[in-house]
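What follows is a short report on a single structure.
The values are calculated or read from the model by the stated rules, or taken from the named source; none is laboratory data. This one's a predicted model, so the numbers in the text were calculated from it and none came from an experiment. Methodologically, a virtual Cβ is constructed for each residue, glycine included, from the backbone with ideal geometry; neighbour enumeration extends over all protein chains shown. In case anyone asks, the SASA skips ligands and DNA or RNA and just uses the protein heavy atoms, side chains included. Shrake-Rupley method; radii C 1.70, N 1.55, O 1.52, S 1.80 Å.
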Amino acid sequence: MGGGGDYFTVTVTGKEVVAAAVAVEVDEQRWLPLSNLDLILPPVDVSVFFCYKKSNSDDHDLSSFGSKARVLKEAMAQALVCYYAFAGELVGEGQLLCNNRGVDFIEAYADAKLQDLCFYNPDDTIEGKLVPKKHHGVLSVQVTELKCGGMVVGCTFDHRIADAYSANMFLVSWAELARCKPLSVVPSFRRPGSYHPSLNDMYAPISALPPPPCRAPDADPLIGRIYFVSSEQLSLLQKLATSKGSSYRRTKLESFSAFLWKMIAEMENDNKKICKMGIVVDGRKPLSNNGHDGKDDKSAAAAAMASYFGNVLSVPFGEKMIDELKEKPLSWVGDEVHEYLKTAATKEHFLGLIDWVEARRPEPALARIYSSGGRDGPAFVVSSGQRFPAAKVDFGWGRAALGSYHFPWGGEAGYVMPMPSPARDGDWVVYMHLFKRQIELIETVAPHLFKPLTS
């Protein structure tokens, strides 16, 4: 078992651009303005990958890597007809030119077996090897043949164009078309006065944010790790994070986040510093509540938001003194997490956020939590990947043995994303991008909870 990515090499065997099967004529090019909720995302790329074992299918059309790559390209061309935003190019600050530029599609070979890949350290194994660098357009794809006959499908996309929900929707549609199935959902690109002053505490124009600190050459680096967390451990956390006598159990995400918040605080020596934790909230469900009593109205609103392609995210965050987080029980921290999440899980919050951005256009803005970390104390963001469709991204040669997002963004705040494991219902795969000393503490204090995903 190799400890890093230096024990195998990846060779590019082919490159091409895959455009939508139905070409867009020059005079029919579509300009898609970025929504106000797109504009509060930083210009960063997000990667996702899926690992597949060697296929035992009797279908001779899928017996070789070349035939599978051909299926993926043909299905991609079909998927881009509906998901035309992924075939376009960003022009200027807030416009997407849907000109059918296409998607860079790379074929590669890795001289390693699936069982020998160490996913615990994705910065070495995944970054620059099994997921592509995006040089052009909005989306890039790399399919890599493995020595054992398995394969890895990796994608990198511009976060300003799609959130994880939208990317998941595309991945499932791509897989459905590869299996000649009808689309279960068709994406919608329709872009949806006053706002609550609390939004000024949550977001800020980029010009109002302090410049990033200069990092010394020997500064503690941010590193990526992937872990396995069992359903039994998550249930125990849920029990510990729920106050006695409470009529409602804390959710697994609230419990997991509360535990991490305490853990990160534990490593700080200065008890008067502040520790901040943000949690990404998807606004599709709150915005589906149109305030009418009619079931048809509600179902229509829910269907419209379920198919919406773009960013519908907010990042509320809590900030507590280090000594408070250390001394209080996990149930108290769980209650605090629940309270600040409630403020953002409403239709009023998201409508207010849209108005807040509109009042400041064209100046770009950013969630304050992303520019935190290092000055007043540690900061990190938890992004729920519980809709991650690892079990549904089946292109015709079986479900993925493993899948994960990979997001080594360059901010000073850490980033954590728990996702369902395709191996067993209830288990999680957790991607972490935190400071090295934070990772080391987590592995020292909670090895029973976080199991390195080594293969």
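Looking at region 308-320, which of the residues that are outside any strand (DSSP E or B) and out of contact with any His (no Cβ under 9 Å at 6 or more places or on another chain) is nearest to Pro210 (Cα to Cα)?
Val315
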Do we find a residue being of a type outside the set (Ser, Thr, Tyr), at pLDDT 90 or above and in a strand (DSSP E or B) anywhere in region 55-76? no
Residues of region 182-216 being surrounded by 12 or more Cβ atoms within 10 Å (Cβ to Cβ) and at pLDDT 80 or above, which ones? Leu183, Val185, Val186, Pro187, Ser188, Phe189, Ala204, Pro205
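Considering only residues that are under 20 Å from Gly414 (Cα atoms) and either modelled with pLDDT of 90 or more or in a helix (DSSP H, G or I) (or both), which ones fall in region 337-376?
Filtering region 337-376 for residues under 20 Å from Gly414 (Cα atoms) gives 337, 340-341, 365-376.
Val337, Tyr340, Leu341, Arg368, Ile369, Tyr370, Ser371 - these are the residues of region 337-376 that are under 20 Å from Gly414 (Cα atoms) and either modelled with pLDDT of 90 or more or in a helix (DSSP H, G or I) (or both).
So that you can scan it fast, the table gives a plain yes or no per residue for (1) under 30 Å from Val71 (Cβ atoms); (2) crowded, with 18+ Cβ neighbours inside 10 Å:
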residue: Thr346; (1), (2): no, no
residue: Gly352; (1), (2): no, yes
residue: Glu358; (1), (2): no, no
residue: Ser371; (1), (2): no, yes
residue: Asp376; (1), (2): no, no
residue: Val381; (1), (2): no, yes
residue: Arg387; (1), (2): yes, no
residue: Pro418; (1), (2): no, yes
Within region 98-120, does at least one residue satisfy the condition of being farther than 27 Å from Ser64 by Cβ, assigned to a strand (DSSP E or B), open to solvent by less than 50 Å² (accessible area, probe 1.4 Å) and at pLDDT below 95? yes
Answer yes or no: is there a residue in region 217-233 that is modelled with pLDDT of 95 or more and either over 24 Å from the mean Cα position of the chain (by Cα) or under 30 Å from Val81 (Cβ atoms) (or both). yes
Restricting the search to region 269-286, which residues are more than 30 Å from Ala303 (Cβ to Cβ) and open to solvent by 20 Å² or more (accessible area, probe 1.4 Å)? Asn269, Asp270, Asn271, Lys272, Lys273, Ile274, Lys276
In region 321-331, how many are surrounded by fewer than 17 Cβ atoms within 10 Å (Cβ to Cβ) and in a helix (DSSP H, G or I)? 4
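Tell me, yes or no, whether region 155-167 has at least one residue that is of a type in the set (D, E, K, R), part of a loop (DSSP other than H, G, I, E, B) and surrounded by fewer than 21 Cβ atoms within 10 Å (Cβ to Cβ). Full working, then the answer.
The first filter runs over region 155-167 and keeps only residues of a type in the set (D, E, K, R), leaving 158, 160, 163.
Keeping just the survivors that are part of a loop (DSSP other than H, G, I, E, B) gives 160, 163.
Now restrict to residues that are surrounded by fewer than 21 Cβ atoms within 10 Å (Cβ to Cβ): none.
So far as region 155-167 goes, no, none of its residues is of a type in the set (D, E, K, R), part of a loop (DSSP other than H, G, I, E, B) and surrounded by fewer than 21 Cβ atoms within 10 Å (Cβ to Cβ).
Quick check, is Ala79 closer than 20 Å to Ala20 by Cα, touching a Pro at 6+ places or on another chain (Cβ under 9 Å), of a type in the set (Gly, Ala, Ser) and open to solvent by less than 20 Å² (accessible area, probe 1.4 Å)?
On the way: closer than 20 Å to Ala20 by Cα: yes; touching a Pro at 6+ places or on another chain (Cβ under 9 Å): no; of a type in the set (Gly, Ala, Ser): yes; open to solvent by less than 20 Å² (accessible area, probe 1.4 Å): yes.
No.
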Cross-chain or 6+ apart pairs with Cβ under 6 Å, region 93-104 first and over 27 Å from Ala365 (Cα atoms), then buried (at least 17 other Cβ atoms within 10 Å of the Cβ) and of a type in the set (S, T, N, Q): Asp104/Ser140
